[in-house]
1. Hey, can you tell me all the residues within the range A:147-160 that are open to solvent by 60 Å² or more (accessible area, probe 1.4 Å) and assigned to a helix (DSSP H, G or I)?
2. For A:Ala141, indicate whether it is more than 14 Å from chain B (Cβ to nearest Cβ), open to solvent by 50 Å² or more (accessible area, probe 1.4 Å) and within 16 Å of A:Gly32 (Cβ to Cβ).
3. Any chance you could count how many residues in the range B:154-167 are away from every other protein chain (no Cβ under 11 Å) and open to solvent by less than 20 Å² (accessible area, probe 1.4 Å)?
4. Taking B:Ser190 as the residue in question, decide whether it is surrounded by fewer than 18 Cβ atoms within 10 Å (Cβ to Cβ), closer than 29 Å to B:Glu110 by Cβ and among the hydroxyl-bearing types (Ser, Thr, Tyr).
5. Taking the range A:740-754 as the search range and keeping residues that are open to solvent by 70 Å² or more (accessible area, probe 1.4 Å) and over 33 Å from the mean Cα position of the chain (by Cα), which one is nearest to A:Thr949 (Cα to Cα)?
6. Please determine, by comparing only the residues of the range A:829-846 that are more than 11 Å from every other protein chain (Cβ to nearest Cβ) and without any contact (Cβ under 8 Å) to a residue 12 or more places away in the chain, which one is farthest from the chain's Cα centre (by Cα).
7. Test of understanding: among B:Glu261, B:Glu255, which residue is in a helix (DSSP H, G or I), modelled with pLDDT under 50 and either in contact with a Lys or Arg (Cβ under 8 Å, 6 or more places away or on another chain) or among the aliphatic types (A, V, I, L, M) (or both)?
8. Which pairs turn up if I take residues in the range B:102-123 that are open to solvent by 10 Å² or more (accessible area, probe 1.4 Å) and look for partners that are among the polar types (S, T, N, Q) with beta carbon separation below 8 Å, at least 6 apart in sequence or on another chain?
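The values are calculated or read from the model by the stated rules, or taken from the named source; none is laboratory data. The model shown is predicted, which means the values in this text are computed figures rather than measured ones. So basically every Cβ, Gly included, is an ideal-geometry build from the backbone, and we count neighbours across all protein chains shown. When the accessible area is computed, the model is the full protein with side chains, heavy atoms only, and any ligands, DNA or RNA have been set aside. Shrake-Rupley method; radii C 1.70, N 1.55, O 1.52, S 1.80 Å.
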Amino acid sequence: MLQSKSFVKKTRRGHVVKVVREHYLRDDIYSGTPLDPECPPEACKLSGEAPHYLLVDTNVALHQMDLLEHAAVSDVIVPSVVLEEVKARNASVYQRLRQLAAADAKRFFVFANEHHRETYIKQEPGETPNDRNDRAIRVAAAWYTARLPTQKVILLTDDADNRRKAVEMGVEALSTAAYTRQRASDAPELQDLVAAAAAARGDAEGDAAAEGGKDAGGGGGKGRAAKRQRVYEEHRPMSEVTAGIKAGRYHQGTLRVNRFNSFEGWVGSESVGQDILISGRIDMNRAMEGDVVAVELLPEEQWRGPSNKLPTAKAEGAGATGGGEDALEEVPDGAHIAQVDPGEHYGEDAAAAGGGDKRPTGKVVGIIKRNWRTRGYCGSLQPLKAAGGSANHTQSVRFCPVERRFPYIRIQTRQAATLADKRIVVAIDSWEADSLYPSGHYVRTLGAIGDKETETEVLLIENDINTNPFTSAVHACVPPLPWSVSEADLADPSRADLRHLAVCSVDPPGCKDIDDALHVRRLPNGNFELGVHIADVTNFVHPGTAMDEEASARATTVYLVQRRIDMLPKPLTEDICSLRAEVERLAFSVIWEVTPDAEVVSSQFTKSVIRSRAALTYAEAQSRIDDARLTDELSTNLRTMNQLARILRRKRADRGALQLASPEVKFEIDTETHDPLDVGMYQVREANQMVEEMMLLANCTVAEFTLRHFPACAMLRRHPVPPPRQFEQLLRAAAAVGASIDPSTSKSLAESLDGCVRADDPYFNKLIRIMATRCMTQAVYLSSGEASVPEYHHYGLAAPLYTHFTSPIRRYADVIVHRVLMAALGLRPLPESLRDRELMHGVVDNLNLRHRNAQMAGRASVELHTLIFFRSRHVVADARVTKVRANGLIVFVPKYGIEGPVYLEDSAAAAAAASGGAGGSGGGAGGRKKGAAAAAADSNFVYDEEKQTVRSKDGSTHYTVFDKCAVRITVEEAQGNRRQLVLRLVPRSELPASEQMH
Amino acid sequence: MEYVSPEGLRLDGRRPKELRQLKAQLDVLSTADGSALFEMGNTKVLAAVFGPKPTELRSQEDEKRAIIRCEYAMAAFSTGERRRRGKSDRRATEITKAIRNTLEQTIMTELLPRSQIDIYVQVLQADGGTRCACINAAFLALAVAAVPMRDVVAACAAGYLDSTALLDLNYMEDAGGGPDVVVAVHPNHSNRVVLLQQDNRVAVETFEEVMELAVAGCRAVADFMRGRLLEHTRALAAARAAGEDGGGGGGAAMEGDSGEELEDDEY
């Protein structure tokens, strides 16, 4: 037992109370290097052969993380005071720093200077906490310098004053810029990674002239900063912001930028009761997507409604205040893959559903918490005006992120020429009031623009999906291959032997991670035994293991068009857990006795061993069901199951379950080039619905059972009732064509959707359903302890309780549900972590976030492949109008699942715009012409919101919502190297018969 | 909240299996028959013992054994927020019972029929682990009052946070929401457990680990208290020898020895 030798009391002042904490100082904290004879070998982290050790200060850790993460930077000492400060200021940087400290190769050593007897210092009278911490870092550096006389220890700090004081103490100190210059010979790429703005700011505080004044990057940047006039209003000081919020003058909320119009955003505010519109770059005042901001409402006469026009090149007229080089404006967006994302409408946010009426409008006066991504932003450099500047000279260039919600970012780089045609990752460092755009630094290169692999990488990073290979610790948790069911498994009394049952699985073609299988058989009493068998993943993934933690962090398998990013290592995903045909596999089974009317008599859960007879595709299962000549056991079973599923489905519909639709598409992929050959609507067969019905039944049964046993820690999935305002737009559109929709309950909605049919358009019903899907809210996971019973309700399924049990190979939520179910059955104790409410809250939040990201990534992948598909094709396709605007339409192309804007242009203007767009290099000019065209169109067309109609003044053309139309789909190069689909209206006569929809 | 850093240090710089600094001052109140001031880190408790004495209320008298009365209170200033806690709040009642129960098992009450022992425990400063500190302080005060006891009784808490068993939780750790196991043992009777309390649920395997740690903590606390008592007795003996003035070195040594023996008997 090592008792502390001496101790010091540390006093901290809270709001009112004085908190006294003990602070023990120790003798057993070592330097972590083999060069120190006193340091025990097991405590050594730093290498004895390193040319020098770096000791970083807080600002370097906070702002130069990309530099520290570079492979060439190793053997770094991180004093614990730096860790604490970083933790308090930026949790995600703290995570990254912790990861570095945990990585063996990087050799980052955390030196607990605050608990070391010789390096602990007390705050002196009159000394600010910041100064005290800086001094503590210097003392730690000095301690190292004295301790290791033979080794060079460099204090890395961008604060010139700090450096001066360090030198006075006999410690060698360098700025990040100076350090990377020193290492230019062995690692030249380090220089680009320095967050110049942050470094320059630090330098500017001290005597910058002494050092780095000649540095092209920092010097140039500052020179311009001095000349430039202020663009944005200064943010109010934090004290004023807090006081203002308290007094009700300002409103706090998170900014959501319109996905399709980067100059428009919404701030959800409880104090105002509805979302506040922020319109235009100046009012946005440097706030970005996800930032927590303080907003001041504008006087009511300045309130605006969300634009009822499609954004054009003249969008909002903002941002023109910048210098000449910044005058280029962003052009409107091209077509997108239709989002069935609940709660999001094309062209505007859900909150804007009200249409043209005025909304509370405000401006940002302060940013309470930045949401800048630490993983960086993907995008590409704007083409340089002139080929000026030699290859190795630092240039200031504009970076255009692929995500349209974000503004341009200004970066300094020496490799502008080589990066011109590359997708790169850039991180934001700061955004000063005198700069139109935020400034950042280069992080890494992903690859050539337009390359499929690169673009896939981009969408993975944008959606924060971890594609790293599993670590060796995770692989160590996987049983060795070839794996087979052991004697011990068969002998386990809690595991039923169901190998004699005719079980089969039904999945999409090519599916390797089969996590569910089914069986049915007739019982002597005339009832049926129905079984759903789910891969027994929890038999292999034990709580608290490295594999469990990794799976919990990934939360879900991500499916891209041609790629799968697994949640669990491949041997488990594709073999050991997968319920493949003709092999014995472990399963977790739900078995019901049901009457021929599909009334559930009893249900039971058991671990089991099964042997699947066949792994069918949906198409195969469907043909077995349809082909009455087949009388083998599997086919008749499938038919019986299908019968039962039909009854179950009908009952569910009677309860008010919604039948929604999604515009899913399917690609046919060339096996060699991996390019899409064809694309078409995803066909939903009855077999799909049959499997779905069985899974729903299993999930509901498990939800009820687990909740009964663990009312406080069952994992459920709920689907909140959508707020009525989300339906406003759909109702208005439906009313315009004489259809009525009643969204008051899910039952009335389901019934009214059934009633929406048009004799002349068989697709109309599906279109309405797709649009209704967008009015929904997102279903989310929750731990039952977090909400009250009525909140467990699943609106879409009209089920009081629902959970996810049936896909544990690809969803972590199901793994948790399996564990809870095991505990409820008394097979294993409930893992301690599931009882920890705070921990579970974090886990559930992560599940929801990852689930959403995985969906977004999947869609982005579809979008990418659609783009590749249309690259070499010009297609005229059948389309439907989903929204009418004063200067254009939003149309939906069912066959390709594309939705996008078309402009109502007269033909001459259209031609001009087309040539401008096709010109490619003259993107800006094209945009302007198009803007002019739109403006012209504006005067020629009359928009009737009530009727959802726009007609030309001469009466020759008119469009109403849900009208049929035809569009030509082409790929065009837009600004910022975003290739995008462009839709143009063409007369329906140009539509080839093969593209017509019936 | 990170309660144990990856470097293996707790919030206050201790390692997981370390106690806080212990301090004890004996015989601090001259009016009491026995008293002690006991500190575990920032937790500071004063205990005073009155008795053994004849029972005050005849109705309570037990002709076979002594009765123990116990009163526990937290000073209004003992926590950061100044809050007056009555003697009758639920938490106080529970702690009072726990202390009395522990001491009843430790004091050889059968040797003192028809008598009564009053024990007052006052928390002066609270920073987690108050009930352990109370038991330890009460034991010291009883020893000073020369009340015969079966064994040393020492109490210590242990908890489980960040997947690590932690000894002697301070307030911050106590508020962490993890399990908190309070144990009091008789170390010379093969660690006989005389008090076991637990907040929050914990898995059986974890419980065993935490319990083991708490018992180890109790032993360490017992060793510390024993040392302090020895010191105190020696000091008393020396004082008496000096008081008798010239009684001779041998005599003093004898007194000292007997003092020690007396203490041993008391255990």
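1. A:Arg147
2. Spelling it out, it is not the case that A:Ala141 is more than 14 Å from chain B (Cβ to nearest Cβ), open to solvent by 50 Å² or more (accessible area, probe 1.4 Å) and within 16 Å of A:Gly32 (Cβ to Cβ).
3. Count: 8.
4. Against the criterion (surrounded by fewer than 18 Cβ atoms within 10 Å (Cβ to Cβ), closer than 29 Å to B:Glu110 by Cβ and among the hydroxyl-bearing types (Ser, Thr, Tyr)), B:Ser190 qualifies.
5. Taking the candidates together, the pick is A:Ser740.
6. A:Gly842
7. B:Glu255
8. Note: pairs meeting the criteria are B:Arg114/B:Thr55; B:Ser115/B:Thr55.
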